[in-house]
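The values are calculated or read from the model by the stated rules, or taken from the named source; none is laboratory data. Bear in mind the structure is a predicted one, so any value in this text is a computation, not a measurement. Reconstructed Cβ throughout: ideal geometry from the backbone, glycine too, with neighbour counts over all protein chains shown. Just so you know, the surface numbers come from the protein's heavy atoms only, side chains and all, with ligands and any DNA or RNA stripped out. Shrake-Rupley method; radii C 1.70, N 1.55, O 1.52, S 1.80 Å.
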Amino acid sequence: MNKRIVIEGGKQLFGEVSISGAKNAVLKLMAAALLIEDVCLIHNVPDLSDVETMVSLINCLGAKTKYSKLNQTIEIDARDINNCVADYAYVSKMRASFDVLGALLSRLGEAKVALPGGCAIGERRVDLHIKGLQLLGADVAIENGYVLANGNKLKGVDISLSMPSVGATENIMLASIFAEGVTRIQNAAQEPEIVDLANFLNMAGADITGAGTSEITINGVQRGSLKGIQYSTIPASIEAASYMCAVCAVGGEIIGDDIIPSHLTFFLNKMQEIGVKIEPITPYSLKVKKDKRLKAIDLITQPYPGFHTDMQAPVMSVLALADGTSIITESLFENRFMQVPELRRMGADIQQENSKAIIKGVEYLTGAEVKASDLRAGAAMVVAALAANGTSTISDIHHIDRGYEKLEEKFSNLGANIKRVENFENISDNKTIESKVLL
Ligand code: EPZ
């Protein structure tokens, strides 16, 4: 808890950065592996605390895992899944672990899963997950903070979601893999992570079509028929966007490798609108150059393929320095402006009016002690601190560690002055910070 990231801002970024596997994809693949009575090997697994939490959770359910950070792989042997209880200790730490609900129900016919935690960015209900499982024929109840689901003979059905929830789409997909007949999810989420999950399951023998569109069809296959596979996780588009935001804020020219540009279409269009130069180098790498002050823009977060809510916070740090007034409207989560008070501490001029943030661009930000209030707000702090004059210290960095692999190493390689201080006790001024960092 005493860890801090310390950044001496103002150094432009140059060089190449490789983007890691997507957290929100790999965690769901790990849940999906519970359906496969065989051994799976997942590649391109990022070294993140959330992955460790998921490893502990699926081990507790009876899986045997070998997680190699060096090889970025995880082997999951789910032949002996024997426990249907996902404990609060794991699930309260991160939202993604709630996906084991659909997987356990499919595999074992019963599941007892604690209500989820994760970033406190809004109410984050699970009513759509529960309704979906009930429509498939499961008995579902909430007792003592746990969702209890039972149903050995689920039946395919049409399920129309009132909003395209990522988690609900995934849980319904996982629950319906062995259901009798055809399940159709209408108004499904269309995120690349959903497509990745469908590709993974199809490679193992499931029959899913339409992933990536608003209607997904799952033809039920026999329980026990899925086979072990090797699969590589998609790259993290939000991480890629965060590095691009850093260049937009501080200036310079970087090449991002291992990117799928089509996952970032809306973001890239907006970045070009504010005046950043973006050029494809190969089908999987992009050059990003910022050499002049950027222009203000308005944007509204929307379900994918709209402007992604997870990119909103780092983009706000960019707009805090743009020429003119920008308005960001957050339409997905009620509490996703937690970076605003922290950015103000650095000199940003931002007014919040319910779901709108009005950002009057300033000429410069100044280093300050700030905190990472959630994962993407943490990324916003890193972006702002890299651009600010002077030293910033960012606390609560466990949020950042949930989603950004080797953050300091990657930014240092681009020329940033960024360090992690492991024991930050009793540090009260910048002079002491410097000496502590050097030790
Ligand atoms: C996933 O969250 C991601 N998390 C989030 O990323 C991401 O911001 C979000 O999708 C949108 O893309 C994971 O994949 C682990 P939702 P999820 O269900 O599944 C409401 C990050 O920083 N809703 O699509 O929780 C909900 O309250 C994280 O990596 C209901 O009302 O998102 C929200 O307003 C943060 N009832 C909206 O839908 C439900 O049953 C979208 O939520 C489910 C959701």
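Observations, loosely collected:
- Seen from residue 284, the other residues with C-beta closer than 15 Å to its C-beta sum to a net charge of -4, counting Lys and Arg as +1 and Asp and Glu as -1.
- Remark on residue 388: its backbone amide H falls under 5 Å from those of 10, a criterion applied only to residues 5 or more positions apart or on other chains, H modelled at 1.01 Å from N.
- Mean sequence separation of contacting Cα pairs (under 8 Å, at least six apart), scaled by the length of the chain, corresponds to a relative contact order of 21 percent.
- In the full protein context, the chain carries 39 Å² of accessible surface per residue, based on a 1.4 Å probe and ignoring ligands, DNA and RNA.
- Measuring nothing but protein heavy atoms, the accessible surface of the range 225-374 at 1.4 Å probe radius is 50 percent carbon and sulfur.
- Annotation: Cα Rg of the chain relative to the compact-globule expectation 2.2 N^0.38 Å equals 0.98.
- Cross-link partners of residue 292 among lysines, defined as those whose alpha carbon lies under 20 angstrom from its own and excluding same-chain residues fewer than eight positions apart: 11, 270, 277, 360.
- Gain upon complete extension [residue 152, residue 127; 0.36 nm per residue less C-alpha separation]: 6.9 nm
- The label point for residue 56 and the one for residue 284, both projected 7 Å from the Cα toward the Cβ, are 3.3 nm apart.
- Charge dipole of the chain (Cα centre as origin; +1 on each Lys and Arg Cβ, -1 on each Asp and Glu Cβ, all else neutral): 320 debye, rounded to the nearest 20.
- Modelled FRET efficiency - R0 22 Å, residue 352 with residue 163, Cβ distances, 0.05 increments: 0.40
- Among the GluC sites (Glu not before Pro) in the range 53-141, those located in a DSSP loop and surrounded by at most 14 other Cβ atoms within 10 Å of their own Cβ are 123.
- For the pair residue 329 and residue 202, the difference between a 0.36 nm per residue extended length and the Cα-Cα distance amounts to 42.0 nm.
- Couplings for the range 336-352, taken from phi via the Karplus curve 6.51 cos²θ - 1.76 cosθ + 1.60 with θ = phi - 60°, read 10, 10, 5, 6, 4, x, 6, 5, 4, 4, 9, x, 6, 10, 10, 10, 10 Hz in order; Gly and Pro are left as x.
- Angle in degrees between helix 375-387 and the longest Cα principal axis of the chain, rounded to the nearest 10: 20
- Residue 115 exposes around 50 Å² of accessible area when a 1.4 Å probe is run over every protein chain in place.
- 5 angstrom amide H check on residue 281, placed H, neighbours 5+ away: 286, 287
- The Rg/Rh ratio of the range 1-149, with Rg taken over Cα atoms and Rh as the Kirkwood radius over Cα pairs, comes to 1.05.
- Surrounding net charge for residue 320, when Lys and Arg each add one and Asp and Glu each subtract one, Cβ distance under 14 Å: +1
- Separation of alpha-carbon centers, the range 213-269 and the range 332-400, rounded to whole Å: 25
- Cross-link reach list, lysines versus residue 3, counting only Cα pairs under 21 Å and skipping chain neighbours closer than eight places: 93, 371, 406, 410, 419, 431, 436
- Distance (nanometres) between label positions extended 7 Å along Cα→Cβ at residue 182 and residue 296: 5.2
- The stretch between residue 43 and residue 219 holds 60.7 nm of extra length on full extension. This uses 0.36 nm per residue minus the Cα-Cα distance.
- The Rg/Rh ratio of the range 320-395, with Rg taken over Cα atoms and Rh as the Kirkwood radius over Cα pairs, comes to 0.95.
- A simple rule links phi to the HN-Hα coupling: the Karplus curve 6.51 cos²θ - 1.76 cosθ + 1.60 with θ = phi - 60°, which for the range 261-273 gives x, 5, 6, 10, 3, 4, 4, 5, 4, 5, 5, 5, 4 Hz, with x for Gly and Pro.
- Within the range 320-352, the GluC sites (Glu not before Pro) that combine a DSSP coil assignment with at most 16 other C-beta atoms in a 10 angstrom radius are 334.
- Cα gyration tensor shape for the range 195-295, rounded if a/c is under 1.5, else prolate or oblate: prolate
- Gyration tensor (alpha-carbon) shape descriptor, the range 119-177, a/c threshold 1.5: oblate
- Taking every DSSP helix (H) stretch of at least 4 residues in the chain, weighting each as -39,500 (n - 2.57) and dividing the sum by the residue count yields a mean residue ellipticity at 222 nm of -9500 deg cm²/dmol.
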